[in-house]
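Comments concern the structure below.
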Amino acid sequence: MDKDRLVLQECIEALFHYHWIHRDTQADLYFQILARKADIADTVREYFGYRLLLRNEFIKLEKIPVSSKTFMGIGGFTNSLHYMFFCCFLAYLEDKGGDQQFTLQNACDAIRMYYPEVATPFAWEERSHRRAFADVLQHSVKLRLVYVVDRNIDGFRDDEKHDVLFQTTPYFRHFAPLYLFDLSKIQNLSQLEEYIAKEIANGTTPKQRLLRRFFLESAVYDDELSEEEVKLLEDRDELERLNEMISEPFEYWHLERYHRTTMLTHSENRYGDYHPKDEQISNAAVQYATLIWDKVNGQEVTLDHNGRVLCSEHEAIKWFQEIKDLHSHGWTKSYTERPVTATWREVMEYMSDFQMADVLTGKQVVFYSAAGRVTGEYVSQSI
């Protein structure tokens with residue numbers, strides 16, 4: 001692949017990885033994208049039906065996933081209150097002009113107005129509620145939606161009367177993706193998901209929806225796809241054409257399909273999180289997946305028609321205890337000294353992020369077929 005194509009590939013990878021490409025702090029990348037804006041805009045429109053947003057201060061790729069996944073959430077937001085405060089704060093900012101100043105207390109009053117009546121009540125007198133809104137404000141500053149003019153946000157965690165002076169930036173109007181339906185008519189989450197799904201279906205082809213999934217998700221499972229999308233993957237010629245579409249501009253990337261699962265694999269990486277990481281948590285995930293795969297091969301557990309293992313949470317933890325007994329001599333001290341359930345939950349969260357497993361409601365656990373793809377053994381090397 002010639003150098004210019006490699007640079008183009010890196011530009012698109014970066015656009016998928018970063019929410020914004022900043023002109024002031026990522027100047028080289030910003031101007032590389034700007035110099036190739038026509039090629040990049042054509043590629044993302046043809047492949048994904050995405051829009052490239054070019055502004056003097058930043059460049060952004062409007063990445064709208066086909067479906068929401070847990071790993072797509074905001075790091076540091078641990079409960080629904082974080083997300084509700086964030087949405088209310090974005091609604092408040094919509095009424096602001098560029099470079100307009102406002103105070104934290106102004107924002108607190110506005111949150112009360114925008115906060116949905118059906119949601120769990122909140123009170124600024126509660127420290128946990130102030131802490132959640134402070135987290136939202138810190139995240140908004142990190143995203144450059146606003147910046148602090150005077151005083152600090154942390155003071156609000158301990159004092160509900162604490163005030164901070166903020167100012168809007170050129171970024172805040174471009175954070176939320178552009179939808180064509182009227183958001184004011186949405187009454188609940190399921191209705192919002194229905195409207196978004198309908199807009200995506202009407203504005204994209206089955207091939208574009210598949211490509212969105214491949215570039216944003218670790219694994220794509222047939223039971224989550226439309227009938228048209230599954231037909232594309234089951235047709236050998238269509239699958240090969242999809243693979244060629246990806247491998248032509250993206251060197252070292254190719255599709256892998258087995259049973260009812262498809263994955264976009266990378267033999268080299270620059271941006272984003274990849275499995276396995278050179279960390280204890282990914283080692284434990286490989287050992288865990290391998291143990292379960294061995295149980296499948298030994299007919300101790302059975303697969304369902306989608307190639308998944310379903311079990312109780314109790315049984316899943318018991319299996320994890322088995323790998324701790326087998327491999328803990330090679331684990332870090334923090335992993336061996338904690339209760340097995342605490343380590344198990346951390347590994348399960350990691351596997352969920354890579355769509356290898358999930359903890360379901362009713363204390364049920366599912367291991368997806370992607371977990372079987374990453375099994376293996378560590379071979380000791382004698383010196």
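Which one is surrounded by the fewest Cβ atoms within 10 Å (Cβ to Cβ) among residues in region 55-75 that are within 14 Å of the chain's Cα centre (by Cα) and among the basic types (Lys, Arg)? By that ranking, first place goes to Lys69.
If you go through region 113-141 and keep only what is open to solvent by 80 Å² or more (accessible area, probe 1.4 Å) and in a loop (DSSP other than H, G, I, E, B), you end up with Glu117, Val118, Thr120, Pro121, Glu125, Glu126.
For region 76-97, the set of residues classified as open to solvent by 60 Å² or more (accessible area, probe 1.4 Å) and within 25 Å of Arg51 (Cβ to Cβ) consists of Tyr83, Cys87, Glu94, Asp95, listed by residue number.
Scan region 142-178 for residues that are surrounded by fewer than 13 Cβ atoms within 10 Å (Cβ to Cβ) and of a type in the set (S, T, N, Q) and the total you get is 1. Sub-8 Å Cβ pairs linking a first residue in region 25-49 that is on the phi > 0 side of the Ramachandran plot to a second residue that is surrounded by fewer than 16 Cβ atoms within 10 Å (Cβ to Cβ) and at pLDDT below 95, at least 6 apart or interchain, are Gly49/Gly203, ordered by first then second residue.
Screening region 256-274 for residues that are modelled with pLDDT of 85 or more and under 20 Å from the mean Cα position of the chain (by Cα) and picking the one that is surrounded by the most Cβ atoms within 10 Å (Cβ to Cβ) gives Thr262. Among the residues of region 135-163, those that are within 23 Å of His22 (Cβ to Cβ) and in contact with a strand residue (DSSP E or B) (Cβ under 7 Å, 6 or more places away or on another chain) comprise Ser140, Val141, Val146, Tyr147, Val148, Val149.
Conditions tested, residue by residue: (1) modelled with pLDDT of 95 or more; (2) under 26 Å from Ala219 (Cα atoms).
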position	(1), (2)
Asp304	no, yes
Val309	yes, yes
Pro339	no, no
Val374	no, yes
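Does Phe102 qualify as being aromatic (Phe, Trp, Tyr), touching a residue at least 60 places away in the same chain (Cβ under 8 Å), surrounded by 15 or more Cβ atoms within 10 Å (Cβ to Cβ) and in contact with a Leu (Cβ under 9 Å, 6 or more places away or on another chain)? So Phe102 fits the description; yes. Filtering region 1-28 to residues that are charged (D, E, K, R) and within 21 Å of Glu251 (Cβ to Cβ) leaves Asp2, Lys3, Asp4, Arg5, Glu10, Glu13, Asp28. Counting only helices (runs of 4 or more DSSP H) that fall entirely inside region 270-373 and contain at least 2 residues that are among the hydrophobic types (A, V, I, L, M, F, W, C), the qualifying elements are 280-297, 313-327, 340-353, 369-373.
Listed by position, the strands (runs of 3 or more DSSP E) inside region 1-112 whose residues that are under 27 Å from Thr265 (Cα atoms) number at least 2 are 58-61.
As an exercise: evaluate Glu313 against (1) touching a residue at least 40 places away in the same chain (Cβ under 8 Å); (2) open to solvent by 60 Å² or more (accessible area, probe 1.4 Å); (3) among the acidic types (Asp, Glu) and give the number of the one condition it does not meet. For Glu313, the failing item is (2). Residues in region 297-310 that are crowded, with 17+ Cβ neighbours inside 10 Å and out of contact with any His (no Cβ under 6 Å at 6 or more places or on another chain): Val301, Arg308, Val309.
Taken over region 219-246, the criterion of being buried (at least 19 other Cβ atoms within 10 Å of the Cβ) and either at positive phi or not hydrophobic (A, V, I, L, M, F, W, C) (or both) is satisfied by Tyr221, Glu229.
Considering every residue within region 124-144, establish whether at least one is under 30 Å from Thr262 (Cα atoms) and touching a residue at least 60 places away in the same chain (Cβ under 8 Å). No; the residues of region 124-144 include none that is under 30 Å from Thr262 (Cα atoms) and touching a residue at least 60 places away in the same chain (Cβ under 8 Å). Consider region 194-221 and keep the residues that are outside any helix (DSSP H, G or I) and over 13 Å from the mean Cα position of the chain (by Cα). The one that is farthest from Tyr258 (Cα to Cα) is Thr204.
Hey, does region 47-60 have a residue that's at pLDDT 95 or above and among the polar types (S, T, N, Q)? Yes, region 47-60 contains at least one residue that is at pLDDT 95 or above and among the polar types (S, T, N, Q). Once region 179-193 is narrowed to residues that are in a loop (DSSP other than H, G, I, E, B) and either more than 21 Å from Ser80 (Cα to Cα) or of a type in the set (Lys, Arg) (or both), the residue that is least open to solvent (accessible area, probe 1.4 Å) is Phe181.
The values are calculated or read from the model by the stated rules, or taken from the named source; none is laboratory data. Quick caveat, the model's predicted, so the values are computed rather than measured. In this analysis, Cβ positions are derived from the backbone assuming ideal geometry, glycine residues included, and neighbour counts consider all displayed protein chains. Areas reflect the complete protein model, heavy atoms only, side chains present, ligands, DNA and RNA absent. Shrake-Rupley method; radii C 1.70, N 1.55, O 1.52, S 1.80 Å.
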